[in-house]
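Some notes on the structure that comes next.
The values are calculated or read from the model by the stated rules, or taken from the named source; none is laboratory data. Please read all numbers here as calculations on a predicted model, not as lab measurements. Positions of Cβ are backbone-derived with ideal geometry, glycine not excepted, and every protein chain shown enters the neighbour counts. What goes into the accessible areas is simple: the full protein's heavy atoms, side chains included, and nothing from ligands, DNA or RNA. Shrake-Rupley method; radii C 1.70, N 1.55, O 1.52, S 1.80 Å.
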Amino acid sequence: SRAIKTNQDLLPETPWIHIFYNDFWGTLLTHSGSHKSYRPLCTLSFRINHAVGGMDPWGYHLVNVLLHAAVTGLFTNFSRILFGDGYWTLIAGLLFASHPIHTEAVAGIVGRADIGACLFFLLSLMCYMKHCSTRGSSPSTWGWILGAGLCAGCSMLWKEQGVTVLAISAVYDIFVFHRLKMHQIISALYKRKNLTLFFSIVLLTSWGTALLGVRLYWMGNKPPSFSNSDNPAADSDSFLTRTLTFFYLPTKNLWLLLCPDTLSFDWSMDAVPLLKAVSDWRNLHTVAFYAGLLLLAYFSLKGSSNEREFNGKTVMNGKQNANGHSCHPEMEYKTLEVKSSFASKEENGLKKHEIQKLQLPSTENIVILSLSLLIVPFVPATNLFFYVGFVIAERVLYVPSMGFCLLVTVGVRALYVKAQKRFLKNLVFCSTAALIVFYGLKTVVRNGDWQNEEMLYRSGIKVNPAKAWGNLGNVLKSQSKISEAESAYRNALYYRSNMADMLYNLGLLLQENSRFSEALHYYKLAIGSRPTLASAYLNTGIILMNQGKTEEARRTFVKCSEIPDENLKDPHAHKSSVTSCLYNLGKLFHEQGHYEEALTVYKEAIQKMPRQFAPQSLYNMMGEAYMRMSRLPEAEHWYVESLRSKSDHIPAHLTYGKLLALT
């Protein structure tokens, strides 16, 4: 709703340049309450969608699906560089295309930020790979690195994590293209023949630093602030709780990639309970995860450096090995898969540069690159450098899932080529095919949950009952299912009793059904939970005014009008509520015959009024006040302004008609 429906940056009357000064939700980036999510290219794509099809969701979904198809094609092409032509590239592509973790990014419109970032992420990486292959032999090589830098910048302007592609490019250059091991890196950089590598890495580092510096400056050099419910661990007073929970969360994310059985639209609040003690059994998962990760990285970085692969088959000392792993020269494998040795390829007339083309990265090289793709783009979401506004977000795994798909593929290939019997090879291949089918079926089922809001929120009750029931209550209320909506709100409050939004929504439901005393009770609870909730003050004042408690209503409206919009998540909605409070305060003065005070309050309301506020009633009441004071020219001006803002505003037609009759 905030990213598209109420985002003023999508409207044609808003200068398009505003997109580059506001955050993803249309709030000024330097505002204290801004989310600091700077994604102007994504917002620009929404604006184009809005210009072409308005609020029809079909066009928005079409763009998301086309982008996902483009990313899948690029990823498959990227996999082909690592695995060569054949089944392994197809498997990697199918794994990425069908993975259920992508459902939120593709089916949820705001997930486009992750898809767009991934598209330019891959374009940047492939430009850099082209730079590596042409370095030292073609002048166009610097054009390729320029393209890599520009695409990295575009990826960051789609979503922040896009800038991490520069680190992935450096990993590719060092460990895949140059096939260096950890102990070789420092000495290799000092060798004259590797000056071009050193220069490329310096360019990547400088460009990455510049992008991050500009990004930090543009958002006001301040990190965003989030509520307790967004990221409970970040708000915990216990260092142990924060540490254990933050170390555990990547484990949970990896499990969602491995076994995406339970998915949810929202993982905030208590969806993942905090780890408060070392004795919590989930710490075993954390230890196993990091131990496995470190072992995999260690053996990959330590692996033999003199093996080469040709179309997926390893070559050692001139002999080809069909199992894809290093072997001793004296070991020979008699297999039908080996059609010719590397030597025979040369004898058959393949030139040296053609053989270089056939050369593929070793298993260890691919594992290093895969781990980098899995880990580095996920680092911004780990709370390592700054706190983020979520516990787990499935859409954030869109880019890291590329590393996961490559890891699975290279693991399956290793098992396949290691298996000696045809039965075992078939078993590995069939198991992989079954995994892809199951992933695809889960994606189809999960996509069904995203058909409409009610199905989506019902699917999330198991994971995050408080948030799911609350959102479901809003949907049921919009369907006029009042009793069901009330039950949903009460269920949400059962799981989390201090949710100000739910207390307010329940109060609003009760107010609309003339249960005013109950509504007042919940509004007061909402204000107690969040003293800056202007809409709760507004409705409290309206009920008190209707009950004849004018002095109490006046105090409530005045208190509401004095609440600043600093550090508020949605300052536009807050300003609308404050403007409505001032409007009702003016009406209160007007009904008491205090027209001068009413005009003063109305003028303050006009000053504080946000762009999206509908001002016709406010302007009409300004005209009414001037009319009562016999200042007819001013009254006529405000009646005309009211009709200009909404030509079918009936009260303004009536009051303006009376004025015309008088004059």
Original post:
Amide H to amide H under 5 Å from Leu360: which residues, 5+ apart in sequence or cross-chain, H placed 1.01 Å off N in plane?
Top reply: Glu309, Phe310, Asn311, Gly312
Subject >> Accessible heavy-atom area order of His183, His68, highest first, probe of 1.4 Å >> reply: His183, His68
Subject >> Most to least accessible of Thr579, Thr663 (protein chains only, probe 1.4 Å) >> reply: Thr663, Thr579
Subject >> Rounded tilt (10° steps) of 363-375 against the dominant C-alpha axis of the chain >> reply: 10
Original post:
At a 1.4 Å probe radius, carbon and sulfur cover how many percent of the accessible area of the chain?
Top reply: 62
Original post:
Which Rg and Dmax, in Å, describe the Cα atoms of the chain?
Top reply: 30.8, 111
Original post:
If ligands, DNA and RNA are left out, what is the accessible area of Phe385 with a 1.4 Å probe, given in Å² to the nearest 10?
Top reply: 150
Original post:
What is the helix-to-structure angle for 40-53, meaning the angle in degrees between its Cα long axis and the longest Cα principal axis of the chain, kept from 0 to 90 and rounded to the nearest 10?
Top reply: 70
**OP:** Apply the Debye scattering formula to segment 370-422, with a single equal point scatterer on each alpha-carbon and no solvent, then give log10 I(q)/I(0) at q = 0.19, 0.21 Å⁻¹.
**Re:** -0.68, -0.76
**OP:** Report relative contact order for segment 185-303 in percent, whole number only (criteria: Cα-Cα under 8 Å, sequence separation at least 6).
**Re:** 23
Original post:
Taking the alpha-carbon centroid of each part, what is the distance from segment 466-497 to segment 92-150 in angstrom?
Top reply: 42
Original post:
Volume per residue, Å³, of the convex hull around the alpha-carbon atoms of segment 49-148?
Top reply: 110
**OP:** Please report how many Lys pairs in segment 457-569 have alpha carbons closer than 27 angstrom, counting only residues at least 8 apart along the chain or sitting on separate chains.
**Re:** 15
**OP:** Give a residue-ordered list of calculated ³J(HN,Hα) values for segment 255-271 (Karplus: 6.51 cos²θ - 1.76 cosθ + 1.60, θ = phi - 60°; whole Hz; x for Gly, Pro).
**Re:** 5, 5, 6, 6, 9, x, 6, 10, 10, 8, 6, 8, 10, 7, 6, 9, 4
Original post:
Between segment 552-590 and segment 1-52, how many Å separate their Cα centres?
Top reply: 25
Original post:
All other residues with a Cβ under 15 Å from the Cβ of Thr556 taken together, and with Lys, Arg as +1 and Asp, Glu as -1, what is their net charge?
Top reply: +3
Subject >> In Å, descending, principal axis extents of the Cα set of segment 116-230 >> reply: 52, 30, 22
Original post:
Can you give the charge dipole size of segment 464-523 about its Cα centre, rounded to the nearest 20 debye, using +1 on the beta carbon of Lys and Arg and -1 on the beta carbon of Asp and Glu?
Top reply: 120
Original post:
Any idea what Rg and Dmax come out to for segment 464-523 if you just take the C-alpha atoms, in Å?
Top reply: 10.3, 31
Original post:
Quick one: net charge of Gln592's neighbours, Cβ under 13 Å, K/R +1, D/E -1?
Top reply: -1
**OP:** As a check on your grasp of the helix formula, calculate [θ] at 222 nm for the chain: sum -39500 (n - 2.57) over DSSP H runs of n ≥ 4, divide by the residue count, round to the nearest 500.
**Re:** -20500 deg cm²/dmol
Subject >> Cβ-Cβ FRET estimate between Gln8 and Ile48, R0 fixed at 25 Å, reported to 0.05 >> reply: 0.95
**OP:** Run the 1.4 Å probe and let me know the accessible area of Ser1, rounded to the nearest 10 Å².
**Re:** 100
Subject >> Derived scalar couplings ³J(HN,Hα) [segment 417-422; Karplus, 6.51 cos²θ - 1.76 cosθ + 1.60; whole Hz; x for Gly, Pro] >> reply: 7, 7, 5, 8, 8, 4
**OP:** On a 0 to 90° scale, report how tilted helix 616-628 is relative to the longest principal axis of the chain, with both axes built from alpha carbons and the result rounded to the nearest 10.
**Re:** 20
Original post:
Roughly how many Å is it from the Cα centre of segment 603-628 to that of segment 215-271, as a whole number?
Top reply: 43
Original post:
In segment 559-648, what GluC sites (Glu not before Pro) fall in a loop by DSSP, with at most 13 other Cβ atoms inside 10 Å?
Top reply: Glu562, Glu566
Subject >> Heavy atoms of Trp25: accessible area, 1.4 Å probe, square angstrom to 10 >> reply: 60
Original post:
Can you list the HN-Hα couplings for segment 426-439, worked out from phi with the Karplus curve (6.51, -1.76, 1.60; θ = phi - 60°), rounded to whole Hz and with x for Gly and Pro?
Top reply: 5, 4, 4, 5, 5, 5, 5, 4, 5, 4, 5, 4, 5, 4
Original post:
In terms of the ratio Rg/(2.2 N^0.38 Å) built on C-alpha atoms, what value belongs to segment 191-304?
Top reply: 1.49
Original post:
Counting Lys and Arg as +1 and Asp and Glu as -1, what is the net charge of the other residues whose Cβ lies under 13 Å from the Cβ of Trp142?
Top reply: +2
Subject >> About the Cα centre, charge dipole magnitude for the chain (Lys/Arg +1, Asp/Glu -1 at Cβ), debye >> reply: 2060
Original post:
Going from most exposed to least, what order do Ile368, Ile482 have by accessible area with a 1.4 Å probe?
Top reply: Ile482, Ile368
